[in-house]
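What follows is one structure encoded as structure tokens, with my remarks underneath.
The values are calculated or read from the model by the stated rules, or taken from the named source; none is laboratory data. These numbers come from a predicted model, not from an experiment. All Cβ positions, glycine included, derive from the backbone under ideal geometry; neighbour counts span all protein chains shown.
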2 protein chains.
Amino acid sequence: MTQQTPMDMMKCCPIDNTFKIIGKKFTVHIIRNMAMHGQTRFNQMLDSIEDSNPKTLSARLKEMEKAGLIARNVYDETPIRIEYKLTKKGKDLQGLLDQMATFSMKHYSKEVFKDGKQHNYKQVFKKPVTVLN
Amino acid sequence: MTQQTPMDMMKCCPIDNTFKIIGKKFTVHIIRNMAMHGQTRFNQMLDSIEDSNPKTLSARLKEMEKAGLIARNVYDETPIRIEYKLTKKGKDLQGLLDQMATFSMKHYSKEVFKDGKQHNYKQVFKKPVTVLN
DNA sequence: TTACTTACTTCCATATGGTAAGTTACAATT
DNA sequence: AATTGTAACTTACCATATGGAAGTAAGTAA
């Protein structure tokens with residue numbers, strides 16, 4: 001009887017696939033700001049995402065909407081208001097963000113924390129690391 | 001008594017910091033091939049990483065060595081042999097890779113799996129998702 | 001002497017990203 | 001009536017990053 005390896009059942013690599021979705025500049029920053037700071041608007045993100053610029057932010061938001069990570073809602077007020085919100089799929093990237101945070105908190109505590117000491121995720125965020133299974 | 005928020009204790013964002021380390025093209029692919037396929041050599045990776053090219057692969061390996069994710073060992077044989085191996089720090093990215101895999105397995109089963117059906121991480125990899133806390 | 005191997009580097013073209021300024025559609029202010 | 005303000009972008013132009021093909025170095029084998 002032959003053994004079934006992961007490679008045998010896969011058409012493409014899920015890690016490569018995820019990288020194509022979230023690997024471009026600002027994508028994870030956008031998700032972070034929406035998930036952790038409740039941001040919904042273009043200029044909020046532009047002002048708070050490290051080294052962001054309107055051209056690239058605009059491109060990323062479009063790609064993310066197309067990929068189904070966020071939804072774009074237009075409110076016809078004056079001035080116009082547009083709200084971006086995470087979809088269920090976008091929210092499912094929380095575990096990935098948590099692992100990104102955890103890695104730097106463990107290996108770069110000098111750069112990350114003002115006191116330069118190690119702190120674990122739960123201590124800092126008051127909730128356990130999210131895991132998607 | 002004032003409440004301590006994550007922002008208050010941080011000097012820089014750990015998600016941004018991690019993205020700077022693993023966000024460039026091929027970095028996660030290199031770690032994946034080393035961790036999951038036991039690869040150690042330049043040409044092995046060049047042949048198996050999707051759309052890789054020697055110039056960018058070479059640049060990435062140097063950056064990763066500098067960042068302490070991998071170690072480079074030269075064996076003075078003929079022809080010369082060079083081995084790249086994950087450091088402890090590099091191995092600590094496993095939880096992140098697992099979350100990347102899990103996300104696509106959940107949301108892109110049609111693209112990822114030959115049978116187009118959903119499968120969970122443990123089923124496919126015969127071990128639970130790794131989590132760094 | 002030519003060919004082969006590994007692990008790259010170099011050159012040049014294309015793709016992506018960044019800066020600053022401009023645009024649209026109103027409404028409020030002067 | 002003309003100017004100012006606001007949000008959310010877009011455009012033009014330049015800089016940097018990435019990709020593909022070919023070349024290099026050092027040694028063994030044919």
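Scanning region A:97-111 for residues that are farther than 23 Å from A:Q44 by Cα and touching a helix residue (DSSP H, G or I) at 6+ places or on another chain (Cβ under 8 Å) gives A:Q99, A:T102, A:F103, A:S104, A:M105, A:H107, A:Y108, A:E111.
Identify the residue in region A:93-131 that is polar (S, T, N, Q) and within 7 Å of another protein chain (Cβ to nearest Cβ) and, among all such residues, is farthest from B:F19 (Cα to Cα). Don't jump to the end; show me each part of the working.
Filtering region A:93-131 for residues polar (S, T, N, Q) gives A:94, A:99, A:102, A:104, A:109, A:118, A:120, A:123, A:130.
Right, trim to within 7 Å of another protein chain (Cβ to nearest Cβ) and you get A:99, A:102, A:104, A:120.
Working: A:Q99: 11, A:T102: 12, A:S104: 10, A:N120: 19 Å.
Looking at residues that are polar (S, T, N, Q) and within 7 Å of another protein chain (Cβ to nearest Cβ), I get A:N120.
Residues in region A:51-92 that are small (G, A, S), under 16 Å from A:R32 (Cα atoms) and near DNA strand C (Cβ under 8 Å from one of its atoms): A:S52 alone. Here B:E83, B:E77 are screened, and the one residue that is in contact with a strand residue (DSSP E or B) (Cβ under 8 Å, 6 or more places away or on another chain) and exposed (fewer than 15 other Cβ atoms within 10 Å of the Cβ) is B:E83. Here are some conditions: (1) at pLDDT below 95; (2) assigned to a loop (DSSP other than H, G, I, E, B); (3) over 17 Å from the mean Cα position of the chain (by Cα). A:K117 meets all but one. Which one does it not meet? It fails just one condition, (1). Taking the conditions (1) more than 9 Å from chain B (Cβ to nearest Cβ); (2) more than 28 Å from B:N120 (Cα to Cα); (3) crowded, with 20+ Cβ neighbours inside 10 Å in turn, A:M34 satisfies each one other than (2). Restricting attention to region B:61-80, the residues that are near DNA strand D (Cβ under 8 Å from one of its atoms) and within 14 Å of chain A (Cβ to nearest Cβ) total 0. With respect to the conditions (1) more than 14 Å from chain B (Cβ to nearest Cβ); (2) surrounded by fewer than 13 Cβ atoms within 10 Å (Cβ to Cβ), A:L57 falls short on a single one, namely (2). In the list B:K24, B:K20, which residue meets the criterion of being under 15 Å from the mean Cα position of the chain (by Cα) and assigned to a loop (DSSP other than H, G, I, E, B)? The conditions single out B:K24.
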